[in-house]
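The block underneath contains the structure these notes are about, expressed in structure tokens.
The values are calculated or read from the model by the stated rules, or taken from the named source; none is laboratory data. All values derive from a computational prediction rather than experimental measurement. A quick note on method: Cβ atoms are made from the backbone with ideal geometry, for glycine too, and the neighbour counts reach across all protein chains shown. Ligands, DNA and RNA are stripped out before the accessible areas are found, and what is left, the full protein with its side chains, is counted by its heavy atoms. Shrake-Rupley method; radii C 1.70, N 1.55, O 1.52, S 1.80 Å.
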Amino acid sequence: MITVKTIEEIAIMREAGKITRDVLNYLKENLKAGMTTKELDRLAYEFIVNAGATPSFLGYHGYPATTCISIDEQVVHGIPNNERIIKEGEIVSIDVGAIYKGYHGDAARSFHVGDLSPEKAKLVKVTEECFFKAIENLKDGTPLGNIGYNIQQHAESNGFSVVRALVGHGIGKNMHEDPSVPNVGKKGTGIRLKAGNTIAIEPMINMGTFKVDFLSDGWTVLTQDRKPSAHYENTVLITEEGVEILTL
Ligand code: MF3
Ligand code: CO
């Protein structure tokens, strides 16, 4: 069931979204080569709790951390740990979620650590652009397939590929609600989104093959060819005229 949020629910989701955005900005400021992924995760935990919210990933199907931190060939769901030291030249993708007064915010960014190679920098830029292409003409009545169409078009015309094994999702009282929001698709297909729907749009874009492997830790997703990947996600509200990005 795809829920239509009330004005009151939307007001709370704006707050949840702001906290989620603020965590990512805080992590960006603190991210530097030499720190471990666990140190960053700890900062995220403290920030969310201090904001009066709850980390939504922690304990989700047994997930052991506040954030997912996925570096280079890791696509998503990398588990923060004390061994992995962040290095210059890496793409560090951080995905985080917060629950505020019972409602979820979910967002992800791919950050540069020091200088990236030109190809990696382009991948990060194009991935972010894919999100903005996806929302360009998005509003009440838009077929869901247009989102994936626009993402795929932009990624592939830049020589990159779109991960298919994972998708965006509806969001609200639960982190994952209907509908699934694929990052590939055909224009004019699928259900029509309605004003009051809230969805997380999250392109995962690879430099090489779109195919992925699932690591034996039960979480980490890697590119099959071990080439780099980037991720960019926001929680958005569909309105009559367009969208409101709740986590930006
Ligand atoms: N934020 C991810 C998503 O967009 C979910 C992370 S899985 C978790 O769907 F277990 F870490 F929560
Ligand atoms: Co998500």
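With the contact rule set at Cα under 8 Å and sequence spacing of 6 or more, what percent relative contact order holds for segment 155-195? Can you show the working numbers first?
Details: 32 pairs, mean separation 12.1, N = 41.
Relative contact order for segment 155-195 comes out at 30 percent.
Among ILE69, PHE47, ILE19, whose Cα sits farthest toward the positive end of the charge dipole of segment 1-122 (+1 at Cβ of Lys/Arg, -1 at Cβ of Asp/Glu, about the Cα centre)?
It is ILE19.
Estimate the FRET efficiency between GLU83 and ASN158 by the formula 1/(1 + (r/R0)^6), using the beta-carbon distance for r and 51 Å for R0, to the nearest 0.05.
Details: r = 34 Å, r/R0 = 0.66.
About 0.90, to the nearest 0.05.
My understanding is that a pair violates if its Cα-Cα distance is over 20 Å; which of LYS120/LYS211; LYS18/LYS38; LYS28/LYS227; LYS139/LYS186 do that in this structure?
Values: LYS120/LYS211 18 Å; LYS18/LYS38 23 Å; LYS28/LYS227 23 Å; LYS139/LYS186 17 Å.
The answer is LYS18/LYS38; LYS28/LYS227.
In segment 74-174, if the dipole is taken from +1 on Lys/Arg beta carbons and -1 on Asp/Glu beta carbons about the Cα centre, which of ILE91, ILE79, HIS104 is farthest to the positive end?
Farthest towards the positive pole: HIS104.
Over the Cα atoms of the chain, what is the Rg over Rh ratio if Rh follows Kirkwood?
On the way: Rg = 16.9 Å, Rh = 17.8 Å.
We get a ratio of 0.95 for the chain.
Among PRO143, THR220, PHE57, which residue has its Cα positioned farthest towards the positive end of the charge dipole of the chain, with +1 placed on the Cβ of Lys and Arg, -1 on the Cβ of Asp and Glu, and the dipole taken about the Cα centre?
Of the options given, the answer is PRO143.
Between LEU58 and ASN30, what FRET efficiency comes out of the Förster formula 1/(1 + (r/R0)^6) with R0 = 30 Å and r the beta carbon distance, rounded to 0.05?
Values: r = 19 Å, r/R0 = 0.64.
The calculated FRET efficiency here is 0.95.
Measuring from label point to label point, each 7 Å out along Cα→Cβ, what is the ASP115 to GLU240 span in nm?
Spacing of the two 7 Å Cα→Cβ label points: 5.2 nm.
With +1 on the Cβ of every Lys and Arg and -1 on the Cβ of every Asp and Glu, and nothing else charged, how large is the dipole of segment 22-92 about its Cα centre, in debye rounded to the nearest 20?
On the way: 6 positive and 10 negative charges, 24 e Å.
Roughly 120 debye, rounded to the nearest 20.
Tell me the GluC sites (Glu not before Pro) within segment 101-172 that lie in a loop according to DSSP and have at most 14 other beta-carbon atoms within 10 Å. Could you put the intermediate results ahead of the total?
Numbers: sites: GLU119, GLU128, GLU129, GLU136, GLU156; in loops: GLU136.
Sparse-neighbourhood loop GluC sites (Glu not before Pro): GLU136.
Sequence gap at least 6, Cα distance under 8 Å: using those rules, report the relative contact order of the chain to the nearest whole percent.
On the way: 657 pairs, mean separation 57.5, N = 248.
Once divided by the residue count of the chain, the mean separation gives 23 percent.
Kindly state, to the nearest 0.05, the FRET efficiency for PHE132 paired with VAL49, given R0 = 30 Å and r defined as their beta-carbon distance. Write out the running numbers ahead of the final one.
Details: r = 31 Å, r/R0 = 1.05.
Working from the Cβ atoms, E equals 0.45.
Averaged per residue, what accessible area in Å² does the chain show with a 1.4 Å probe, protein chains only? Please list the in-between numbers first.
On the way: 10690 Å² over 248 residues.
Spelled out: the 1.4 Å probe surface of the chain, per residue, equals 43 Å².
Each residue of segment 185-194 in order: what ³J(HN,Hα) in whole Hz does its phi give by Karplus 6.51 cos²θ - 1.76 cosθ + 1.60, θ = phi - 60°, with x for Gly and Pro?
Listing the rounded values in order: x, 10, 4, x, 10, x, 5, 8, 6, 10 Hz.
Report the charge-dipole magnitude of segment 102-248 in Debye, nearest 20, computed about the Cα centre from +1 at each Lys and Arg Cβ and -1 at each Asp and Glu Cβ. Don't jump to the answer; show the numbers that get you there.
Values: 15 positive and 18 negative charges, 73 e Å.
Roughly 360 debye, rounded to the nearest 20.
Based on Cβ point charges of +1 for Lys and Arg and -1 for Asp and Glu, what charge dipole magnitude is obtained for the chain about its Cα centre, in debye rounded to the nearest 20?
300 debye
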